[in-house]
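Read through the structure below, which is laid out as structure tokens, and then see the notes.
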Amino acid sequence: MRLAPPLATCALLPLFAACIDGPVPTAAPDRPRLIVGGEPTGATYPSVGALIVDWWEPLGVVNGDDQWCTGTLISPTVFVTAAHCVTGAAETPPGTQFYVSFAPDLLAKGIKIIKATGYAFDPLYGHDQANLHDLAVVFLPAAATKGMTPIQLPTLGELDRLAAQGALSKTLFVNVGYGSSATRTGPPSFGWDGKRNLSKSEYMGLQPTWLGLLMNAAATGEGGDCYGDSGGPKFIDGNPAKIYATVTTGDYPCRATTWDWRLDTPDARAFLGQYVALP
């Protein structure tokens with residue numbers, strides 16, 4: 001069994017888990033559940049990738065075991081993820097070399113791992129818990145993503161318009177990531193299988209910068225996200241071409257709620273607009 005990635009400190013309270021991406025209690029899970037209540041994507045969602053950093057022993061050997069977070073290709077050279085994935089941890093000091101893989105199974109032999117050319121995160125990250133600015137981009141060589149289709153970003157205020165139209169109240173959002181599974185009852189334990197997995201979560205509500213989703217399987221019959229899914233995308237079910245938010249935080253045992261950083265806000269667009277063309 002693989003431990004979750006080492007501690008990446010975030011500015012939220014310790015009860016929020018998905019942003020921590022840190023050492024968590026591990027025990028044999030009741031059964032493999034992949035993401036949280038999900039299944040492998042296989043060849044679908046090919047533009048969602050794993051953010052990799054050489055933290056796992058033996059150091060100096062970079063492979064799929066070094067999965068750290070999740071992210072999404074939004075241009076041929078730009079991969080969007082969470083700011084807490086690239087800064088704030090002892091394992092990711094300034095100047096850290098990051099890598100990305102879009103392999104559907106990180107533990108398969110001969111996976112392609114792309115060496116990033118650099119990264120940037122929102123300079124306002126962590127200064128205001130209500131407006132966390134938890135957003136980063138990782139830069140990739142254009143030749144390394146040739147033939148891939150980047151995921152679209154939302155237009156300004158798109159989630160607000162959908163909510164005002166009543167279009168979100170019964171909407172399922174799709175979580176895609178490489179993170180751990182989570183047991184549903186009893187002492188928390190977190191398994192990991194190296195695969196890109198997907199699950200679905202019911203809409204809970206909007207805040208000015210956050211998208212809230214429910215992941216209480218007993219109540220909704222659906223799933224959610226957990227450790228290692230940080231920075232991963234949120235799609236509206238039925239539209240795999242557009243990303244609406246990225247995973248930022250959730251409850252510690254990954255059983256109740258997930259709060260995701262909206263990409264349709266002026267602040268998110270101001271940061272991303274420095275690196276990609278906005279719709």
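Restricting attention to the stretch 113-138, which residues are in contact (Cβ under 8 Å) with a residue 12 or more places away in the chain and among the acidic types (Asp, Glu)?
Once the filter is applied, which keeps residues that are in contact (Cβ under 8 Å) with a residue 12 or more places away in the chain and among the acidic types (Asp, Glu), the stretch 113-138 yields ASP122, ASP134.
Answer yes if at least one residue in the stretch 145-159 is in contact with a strand residue (DSSP E or B) (Cβ under 9 Å, 6 or more places away or on another chain) and either closer than 23 Å to TYR252 by Cβ or among the aromatic types (Phe, Trp, Tyr) (or both), and no otherwise. Outline the logic, then answer.
We begin by selecting, within the stretch 145-159, every residue in contact with a strand residue (DSSP E or B) (Cβ under 9 Å, 6 or more places away or on another chain); these are 145, 148-154, 158-159.
Of the ones still in play, those that are also either closer than 23 Å to TYR252 by Cβ or among the aromatic types (Phe, Trp, Tyr) (or both) are none.
No, the stretch 145-159 contains no residue that is in contact with a strand residue (DSSP E or B) (Cβ under 9 Å, 6 or more places away or on another chain) and either closer than 23 Å to TYR252 by Cβ or among the aromatic types (Phe, Trp, Tyr) (or both).
How about the stretch 242-264: which of its residues are of a type outside the set (D, E, K, R), over 24 Å from ASP122 (Cα atoms) and either over 15 Å from the mean Cα position of the chain (by Cα) or in a strand (DSSP E or B) (or both)?
Just the residues of the stretch 242-264 that are of a type outside the set (D, E, K, R), to begin with: 243-250, 252-254, 256-259, 261, 263.
Subsequent filtering for residues that are over 24 Å from ASP122 (Cα atoms) retains 252-254, 256-257.
Of everything in the stretch 242-264, those that are of a type outside the set (D, E, K, R), over 24 Å from ASP122 (Cα atoms) and either over 15 Å from the mean Cα position of the chain (by Cα) or in a strand (DSSP E or B) (or both) turn out to be TYR252, PRO253, ALA256, THR257.
Would a scan of the stretch 220-236 turn up a residue that is out of contact with any Pro (no Cβ under 9 Å at 6 or more places or on another chain), in the same structural domain as GLY186 (by TED's automatic domain parsing), part of a helix (DSSP H, G or I) and not charged (D, E, K, R)?
yes
When only residues in the stretch 216-235 that are within 14 Å of LYS200 (Cβ to Cβ) and under 15 Å from the mean Cα position of the chain (by Cα) count, which is modelled with the lowest pLDDT? Give the derivation first.
Step one: list which residues in the stretch 216-235 are within 14 Å of LYS200 (Cβ to Cβ), which gives 216-217, 219-225, 229, 232-235.
Restricting the remaining residues to those that are under 15 Å from the mean Cα position of the chain (by Cα) gives 223-225, 229, 232-235.
Working: GLY223: 76, GLY224: 82, ASP225: 88, ASP229: 92, GLY232: 96, PRO233: 97, LYS234: 97, PHE235: 98.
Looking at the filtered set, the residue picked out is GLY223.
From (1) over 16 Å from the mean Cα position of the chain (by Cα); (2) under 26 Å from ARG262 (Cα atoms); (3) among the aromatic types (Phe, Trp, Tyr), pick out the condition that doesn't hold for TRP55.
That leaves (2) as the condition not met.
Mind listing just one residue for me: the one in the stretch 68-110 that is touching a Pro at 6+ places or on another chain (Cβ under 7 Å) and outside any loop (DSSP other than H, G, I, E, B) and, of those, farthest from ALA268 (Cα to Cα)?
TRP68
Taking the stretch 145-164, which residues are part of a helix (DSSP H, G or I) and either under 21 Å from the mean Cα position of the chain (by Cα) or of a type in the set (Val, Ile, Thr) (or both)?
Within the stretch 145-164, the subset part of a helix (DSSP H, G or I) is 145, 158-164.
Within the stretch 145-164, THR145, GLU158, LEU159 meet the criteria.
Please count how many residues of the stretch 139-182 are farther than 19 Å from ARG262 by Cβ, small (Gly, Ala, Ser) and touching a residue at least 40 places away in the same chain (Cβ under 8 Å).
Residues flagged as farther than 19 Å from ARG262 by Cβ, small (Gly, Ala, Ser) and touching a residue at least 40 places away in the same chain (Cβ under 8 Å) within the stretch 139-182 amount to 5.
Quick one: which residue in ALA130, ALA167 is assigned to a loop (DSSP other than H, G, I, E, B) and out of contact with any Ser or Thr (no Cβ under 7 Å at 6 or more places or on another chain)? So that I can check it myself, show each step before the final result.
On the way: ALA130 fails: assigned to a loop (DSSP other than H, G, I, E, B).
It is ALA167.
The conditions are (1) outside any loop (DSSP other than H, G, I, E, B); (2) under 15 Å from the mean Cα position of the chain (by Cα); (3) crowded, with 19+ Cβ neighbours inside 10 Å, and GLY212 fails exactly one of them. Which is it?
So the condition that GLY212 fails would be (3).
The values are calculated or read from the model by the stated rules, or taken from the named source; none is laboratory data. Remember, predicted model here, so these are calculated numbers, not experimental data. FYI the Cβ positions are ideal-geometry reconstructions off the backbone, even for glycines, and counts take in every protein chain you see.
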